[in-house]
Amino acid sequence: MEAFEGVLDSGYFILGPEVEAFEREVASYLGTPHAIGVSSGTDALVVALMASGVGPGDEVICPAFTFFASAGSIARVGAVPVFIDSEEDRFNLDLEGADELITERTKAIMPVHLFGRGAAMGHVNDFAKKHSLVVIEDTAQSLGASISTQKCGTMGDFGIYSFFPSKNLGGFGDGGLVSCADDEKAELVRRLRNHGMFPKYYHSKVGGNFRIDALQAALLRKKLPKLDSYGLERAENATYYLHEFADLDPARVTLPLAGTAEEGVIWNQFTLKVHGERDRLKAYLLENQVGCEIYYPVPLHKQECFAHLPAVELPVAEKLACEVLSIPVYAELGEERRQRVVAVVKSFFKS
Ligand SMILES: *Cc1c(COP(=O)(O)O)cnc(C)c1O
């Protein structure tokens, strides 16, 4: 309330000093030179694509097993998403055979750090270098995750983040951010987020209204210092589940991989793969008041809005869509509730 009152008193409701302070603090947390607050994670993707010069006729490689916004943003700038399959155990994009997807129109690649686990950025960057592609990391679900000592979202040309309430750093509404190491590209993103305007009322490029509100920034500034401790609580829940579920029949359910020391996993989701009886488990959990969700039931190459694109077969994405089920792992879950989750899941697999 104090932070909000500060904004109300200042009269700065959009961008302004609170947003600038938040941007400096996020940049320092990420260990990258530039952080630019925007209106949502989706708009962060759109503006990063615009700043990369991706437009009509261009192709962008992205996984099919992800939230819609990854590919939706590519389509919204007039480009074509070229879907790639995912790794069965890590849920992230699999570059095996990706050379065949390259055409003279391929402009960028969008690795997604899904469920709080970093994608294989070493491979992505080698691949991007080989084919001169821009790398836009969709880090909406993985702010704070890392690979070795580097934060996800800071290893490509742009990183994008979301402050949607259910993300690891959740706002009281929509919000997002673009990170970037290059001074000129960062300046371009700053201008594009405000109609491509520079100086005032002069427009050399067409941007949009991708601005973030000061009230969101004020809240997020209070939560950012706690992000890593929220992450530890999520990790504690995940470790507990992995331990408690270790004796479940692997023919019926596969647990997510525990993070290694190399991988700083932040457990945005704890995702089971249930073989053949996923929908039955989901119904059972809901009947027993255990929240759960399928992220995601339809891989993007099977979405109606992309039916005009050349048909592709992505067997892992298709299989995951039939098997995944995420159970509660949020920081505030607590001992009692997570014990109940375990008891209900175990009772399902006893029968
Ligand atoms: C949430 C999410 C987005 C979009 O973020 P919004 O802030 O909701 O617009 C993009 N990509 C992925 C992978 C997401 O999970």
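The values are calculated or read from the model by the stated rules, or taken from the named source; none is laboratory data. Nothing here was measured: the structure is a model prediction, and the numbers come from that model. Neighbour counts are summed over all protein chains in view; Cβ atoms, including those assigned to glycine, are modelled from backbone coordinates with ideal geometry. Only protein heavy atoms, including side chains, enter the accessible area calculation; ligands, DNA and RNA are left aside. Shrake-Rupley method; radii C 1.70, N 1.55, O 1.52, S 1.80 Å.
Quick check on segment 129-145: of everything there that is polar (S, T, N, Q) and within 16 Å of the ligand (Cβ to nearest atom), which residue is nearest to E262 (Cα to Cα)?
Kept after step one, since they are polar (S, T, N, Q), are these residues of segment 129-145: 132, 139, 141-142.
Filter once more, keeping what is within 16 Å of the ligand (Cβ to nearest atom): 139, 141-142.
Details: T139: 18, Q141: 18, S142: 15 Å.
This residue is S142.
Whether any residue in segment 135-154 is over 20 Å from A35 (Cα atoms), open to solvent by less than 40 Å² (accessible area, probe 1.4 Å) and either touching a residue at least 24 places away in the same chain (Cβ under 8 Å) or not aromatic (F, W, Y) (or both) is what I want to check.
Taking segment 135-154 first, the residues over 20 Å from A35 (Cα atoms) are 148.
Filter once more, so that each one left must be open to solvent by less than 40 Å² (accessible area, probe 1.4 Å): none.
No - not one qualifying residue is present in segment 135-154.
What's the total number of residues in segment 155-167 that are in contact with an Asp or Glu (Cβ under 8 Å, 6 or more places away or on another chain) and open to solvent by 10 Å² or more (accessible area, probe 1.4 Å)? Before the answer, list the steps.
Within segment 155-167, the first condition is being in contact with an Asp or Glu (Cβ under 8 Å, 6 or more places away or on another chain), and the residues that meet it are 155-160, 163-164.
Remaining after also requiring open to solvent by 10 Å² or more (accessible area, probe 1.4 Å): 155-157, 164.
Looking only at that region, the number is 4.
Take F158 and decide whether it is touching a residue at least 40 places away in the same chain (Cβ under 8 Å) and farther than 23 Å from F270 by Cα. Show your work before the answer.
On the way: touching a residue at least 40 places away in the same chain (Cβ under 8 Å): yes; farther than 23 Å from F270 by Cα: yes.
Criteria met by F158.
I'd like to check something: does segment 274-285 contain any residue that is under 26 Å from the mean Cα position of the chain (by Cα) and within 30 Å of M121 (Cα to Cα)?
Checked segment 274-285: at least one residue is under 26 Å from the mean Cα position of the chain (by Cα) and within 30 Å of M121 (Cα to Cα).
With within 22 Å of the chain's Cα centre (by Cα) and not in a strand (DSSP E or B) as the only criterion, which of P199, P250, P165 stands out?
On inspection, the qualifying residue turns out to be P165.
Tell me which residues, restricted to segment 168-190, are away from the ligand (no atom under 16 Å from the Cβ) and in a loop (DSSP other than H, G, I, E, B).
Residues satisfying the conditions are A181, D182.
Within segment 49-86, which residues are in a loop (DSSP other than H, G, I, E, B), touching a residue at least 40 places away in the same chain (Cβ under 8 Å), in contact with a helix residue (DSSP H, G or I) (Cβ under 7 Å, 6 or more places away or on another chain) and open to solvent by 10 Å² or more (accessible area, probe 1.4 Å)? Talk me through it step by step, then tell me what you get.
Looking only at segment 49-86, we keep the residues that are in a loop (DSSP other than H, G, I, E, B), and these are 52-58, 64-68, 77-79, 85.
Narrowing the set further to residues that are touching a residue at least 40 places away in the same chain (Cβ under 8 Å) leaves 52-54, 57-58, 64-68, 85.
Checking which are in contact with a helix residue (DSSP H, G or I) (Cβ under 7 Å, 6 or more places away or on another chain) leaves us with 64-66, 68, 85.
F68, D85 - these are the residues of segment 49-86 that are in a loop (DSSP other than H, G, I, E, B), touching a residue at least 40 places away in the same chain (Cβ under 8 Å), in contact with a helix residue (DSSP H, G or I) (Cβ under 7 Å, 6 or more places away or on another chain) and open to solvent by 10 Å² or more (accessible area, probe 1.4 Å).
Name, by its number, the condition in (1) over 17 Å from G53 (Cβ atoms); (2) within 16 Å of the ligand (Cβ to nearest atom) that does not hold for R193.
Answer for R193: the failing condition is (1).
I'm trying to understand the selection: among the residues of segment 22-46, which are within 12 Å of the ligand (Cβ to nearest atom) and assigned to a helix (DSSP H, G or I)?
The answer is G41, T42, D43, A44, L45, V46.
Within the set of pairs 6 or more residues apart or between chains, which connect a residue that is open to solvent by less than 50 Å² (accessible area, probe 1.4 Å) inside segment 277-293 to a residue that is of a type in the set (S, T, Y) with Cβ atoms less than 7 Å apart?
C292/S326
Could you check, for segment 94-106, whether at least one of its residues is modelled with pLDDT of 95 or more and crowded, with 23+ Cβ neighbours inside 10 Å?
Checked against the condition, which is being modelled with pLDDT of 95 or more and crowded, with 23+ Cβ neighbours inside 10 Å, segment 94-106 yields no hits at all.
Would a scan of segment 256-271 turn up a residue that is free of Cβ contacts under 8 Å to residues at least 12 places away in the same chain and either open to solvent by less than 20 Å² (accessible area, probe 1.4 Å) or β-branched (V, I, T) (or both)? Write out each step before concluding.
The first filter runs over segment 256-271 and keeps only residues free of Cβ contacts under 8 Å to residues at least 12 places away in the same chain, leaving 260-261.
Adding the requirement that they be either open to solvent by less than 20 Å² (accessible area, probe 1.4 Å) or β-branched (V, I, T) (or both) leaves 260.
Yes, there is a match, as at least one residue in segment 256-271 is free of Cβ contacts under 8 Å to residues at least 12 places away in the same chain and either open to solvent by less than 20 Å² (accessible area, probe 1.4 Å) or β-branched (V, I, T) (or both).
Considering only residues of segment 188-228 that are free of Cβ contacts under 8 Å to residues at least 40 places away in the same chain and open to solvent by less than 70 Å² (accessible area, probe 1.4 Å), which is farthest from G144 (Cα to Cα)?
By that ranking, first place goes to M197.
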